[in-house]
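The values are calculated or read from the model by the stated rules, or taken from the named source; none is laboratory data. From a predicted model like this one, the values you see are computed outputs, not experimental measurements. Heads up, the Cβs are rebuilt from the backbone with ideal geometry, glycines too, and the neighbour counts pull from every protein chain shown. When the accessible area is computed, the model is the full protein with side chains, heavy atoms only, and any ligands, DNA or RNA have been set aside. Shrake-Rupley method; radii C 1.70, N 1.55, O 1.52, S 1.80 Å.
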Amino acid sequence: MALGTSGANAWTRSGGGMGPRGGTWSTSASGGCAGGSCSRSHGGTYTGPRGGVVTNSGQTSCAGGTCTHTGTTTGPYGGTVSRSSTYTR
């Protein structure tokens, strides 16, 4: 996994690998904070040993003690699940 920053309050991350049965995965994320608010975006792809692909993406934003998360996962046959949540710290 690689880790890098492009500023005092910004960051990026990426990684990947292969499972014991030949499936592969890769992920990436980035985020930062400025002016009292923070955000993070992430995504990933998972390919199974038989070629099925699952993709995942999402974003989280926090400001003023409230955080909101949204995300989507799409399965190998096209089915999609969307999710969202809000919480107060």
Hydrodynamic radius by Kirkwood, which averages 1/r over all alpha carbon pairs of segment 40-89, in angstrom: 12.1
Phi to ³J(HN,Hα) by Karplus 6.51 cos²θ - 1.76 cosθ + 1.60 over segment 74-82, Hz, x for Gly, Pro: 10, x, x, 10, x, x, 10, 10, 10
Percent carbon-and-sulfur accessible area, the chain, ignoring ligands, DNA and RNA, probe 1.4 Å: 55
Distance in nm between pseudo-label sites at Arg21 and Cys33 (7 Å out along the Cβ direction from Cα): 4.1
Segment 14-25 - phi-based ³J(HN,Hα) in whole Hz, Karplus 6.51/-1.76/1.60, Gly and Pro as x: 8, x, x, x, 10, x, x, 9, x, x, 10, 9
Reciprocal mean inverse distance between Cα atoms of the chain - Kirkwood radius, Å: 14.6
In nm, spacing of pseudo-spin labels at Asn56 and Ser85 (7 Å Cα→C-beta vector): 1.3
